Amino acid sequence: MRIPLRRQGCSLQMKGSTVRAQSGNTPVLSAEIYVIPLEANRFLVYAPLRHAAFVGNTGIVNLLADLREGRTEECGNDETLEFLRRLEIVDAGPETPPREVFPGEPNPVSVTLFLTTACNLRCAYCYAAAGENKARYMPLDLARRGIDFVVGNALRRGETHFEVNFHGGGEPSRNWPVLTAALAHARGQAEAHGLKLTAYVATNAVFSENQLDWIVAHLDGASVSCDGLPEVHDSNRVTSGGKGSSASVIHSLRRFDAEDFSYGIRMTVTAAAIPRLADSVEYLCANFRPGQIQAEPAYQIGRWAGAPSAETEAFVAAFREARERARGYGRELTFSAARAGTLTNHFCGATQDLFALTPDGSISSCYEVFDESSPRAKTFLYGRSSNESWRFDREKIVFLHRQSVDNRAWCAGCFARWSCGGDCYHKALAIYGEGEFAGTDRCAIIRELTKDQILAHIAEAGGVFWHTPPENAAGGCACVSCGDDKRIPRVPLLI
Ligand code: SF4
Ligand code: SF4
């Protein structure tokens, strides 16, 4: 079998980068193509920018290779070529890779408020190591200024909507007076200006009864950290007194279901919990009604630095089983960077002007960088609130924008790149620092689960091929922390 060009991971890439003018009836490869071996004489042929894929044999792969190399005299039969034309792989116009443009200074219509670094839990794998340092609390005045800024932007941009998210570094409900007052301010602004407001909280869902009442009455949704089976959850997610928190979380979820309150569940999977993942997902599906369930391997930072990795083949196998169980309940299990069907050159908001405020008034583009003492503060804090205005560091902004997947050499041959978007930049920095990115253990997970999704798309489309207009994922975020994914109900998820 002749297959040309670069090899990376499990795929082979053929780029029909620029479509040449057709002379007569000479067929021309017109798509960026990846060939992913499945089994003997079976290959997944994938054209991400065409949203097209099919399973082919050696003959069709060789035909594509011939086309790529301009050997048109060997170019298959009319029927095969017609099939490839139908998928825009042959003789179509130029492809348009997703490339976000960011003109001028950030003018977001969504603000994330890192309300506090205090937390009522002491989760074993907490990325923020909450509870170990002096807690910081955002003052109401700063929260208001952040809200006013995005309201002003919405009005200037002619938008009809703005968004307020309450997030961590700790548990946002530990700064309850500011959370409730900030939302009241945002609602007042929405009414005064005729704007629609959506407000979410990312939380551990350990609330008092009064807090629960308020949340279901005032917020549009929540992202709840919950690891599934009570014994699995309680092995890591404990109170400051060392007690499991599952009973409180279950109570909150039941209340959310009873009130039809929209929420998603974000599961953190440690190496030890991998064998229980399918049972945990089934437990959640059987007992609760989350709009979304996302499972991510525990990130080895904060209190979990040095812990055994869960970014393994065992995770992929467990995820597949859990996904099947979820489907049995009509639910989808998601993983942040596997999102075949979207097109983007960014993984998350970190490289596209996410506007999050630390308790001390710095502007962060990353959910993991919630205060000035963070090891990555230098990279992700790109501005400050200054008196009544905002100061942005243009150089940092431009640098962050450039961390998109199309600027990363290692990712150039990866079939998942236009949906993965280069994965979590914070994680890449944790591994490689300023050095060149050369892949992570997550890449194998991303590729396996993305491949599953492409095959599922083909199966759903009748089993022969998949070809749909792309959903533009530009501007979306699928944080390994927050999991904010625009394909599914809009509930940001976090650790
Ligand atoms: S980060 Fe994403 S695009 Fe880059 S190599 Fe890994 S899986 Fe592929
Ligand atoms: S995905 Fe990574 S880079 Fe993006 S916001 Fe989350 S931690 Fe930060």
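Brief remarks follow.
- Residues that are in a helix (DSSP H, G or I) and either under 18 Å from the mean Cα position of the chain (by Cα) or within 16 Å of ligand 1 (Cβ to nearest atom) (or both), drawn from the stretch 383-418: L400, H401, V405, D406, N407, A409, W410, C411, A412, G413, R417, W418
- Any hit, the stretch 330-344, residues being surrounded by fewer than 24 Cβ atoms within 10 Å (Cβ to Cβ), more than 13 Å from ligand 1 (Cβ to nearest atom), part of a helix (DSSP H, G or I) and of a type in the set (D, E, K, R): no
Let's see how each residue does on (1) touching a residue at least 24 places away in the same chain (Cβ under 8 Å); (2) away from ligand 2 (no atom under 13 Å from the Cβ); (3) within 20 Å of the chain's Cα centre (by Cα):
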residue	(1), (2), (3)
I301	yes, no, yes
W304	yes, yes, no
A307	yes, yes, no
A310	yes, yes, yes
Y329	yes, yes, no
A340	yes, yes, yes
T344	yes, no, yes
D360	yes, yes, no
S364	yes, no, yes
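- In the stretch 124-154, the residue that is nearest to L183 (Cα to Cα) out of those that are modelled with pLDDT of 85 or more and of a type in the set (F, W, Y) is F149.
- Within the span defined as the stretch 394-403, one or more residues are under 30 Å from P139 (Cβ atoms) and surrounded by fewer than 13 Cβ atoms within 10 Å (Cβ to Cβ).
- D360 vs. criteria at pLDDT 95 or above, part of a loop (DSSP other than H, G, I, E, B), under 29 Å from Y34 (Cα atoms) and among the acidic types (D, E): no
- In the stretch 207-222, the residues that are in the same structural domain as L197 (by TED's automatic domain parsing) reach residues that are crowded, with 17+ Cβ neighbours inside 10 Å and among the charged types (D, E, K, R) with C-beta atoms within less than 6 angstrom, at least six apart or across chains, in these pairs: L212/R255.
- Note on the stretch 419-445: among residues that are part of a helix (DSSP H, G or I) and buried (at least 23 other Cβ atoms within 10 Å of the Cβ), the one that is nearest to ligand 1 (Cβ to nearest atom) is C420.
- Breaking point among (1) away from ligand 1 (no atom under 16 Å from the Cβ); (2) among the hydrophobic types (A, V, I, L, M, F, W, C); (3) surrounded by 23 or more Cβ atoms within 10 Å (Cβ to Cβ); (4) farther than 30 Å from D148 by Cα, for I458: (3)
Condition check ((1) in the same structural domain as E372 (by TED's automatic domain parsing); (2) among the β-branched types (V, I, T); (3) under 26 Å from L197 (Cβ atoms)) across all residues:
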{"residue": "E105", "(1), (2), (3)": "no, no, yes"}
{"residue": "Y125", "(1), (2), (3)": "yes, no, no"}
{"residue": "G158", "(1), (2), (3)": "yes, no, yes"}
{"residue": "G168", "(1), (2), (3)": "yes, no, yes"}
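- All of E105, E100, E88 fail the test of being at pLDDT below 95, in a loop (DSSP other than H, G, I, E, B), in contact with a strand residue (DSSP E or B) (Cβ under 8 Å, 6 or more places away or on another chain) and not basic (K, R), apart from E105.
- In the stretch 40-65, the residues that are over 25 Å from R339 (Cβ atoms) and either surrounded by fewer than 19 Cβ atoms within 10 Å (Cβ to Cβ) or in contact with a Ser or Thr (Cβ under 7 Å, 6 or more places away or on another chain) (or both): A40, N41, N57, T58, G59, I60, N62, L63
- Looking at the stretch 213-319, the strands (runs of 3 or more DSSP E) lying wholly inside it that each contain 2 or more residues that are touching a Pro at 6+ places or on another chain (Cβ under 9 Å) and closer than 30 Å to K196 by Cβ sit at 221-225, 263-269.
The values are calculated or read from the model by the stated rules, or taken from the named source; none is laboratory data. Keep in mind that this is a model prediction, so the values were computed, not measured. So basically every Cβ, Gly included, is an ideal-geometry build from the backbone, and we count neighbours across all protein chains shown.
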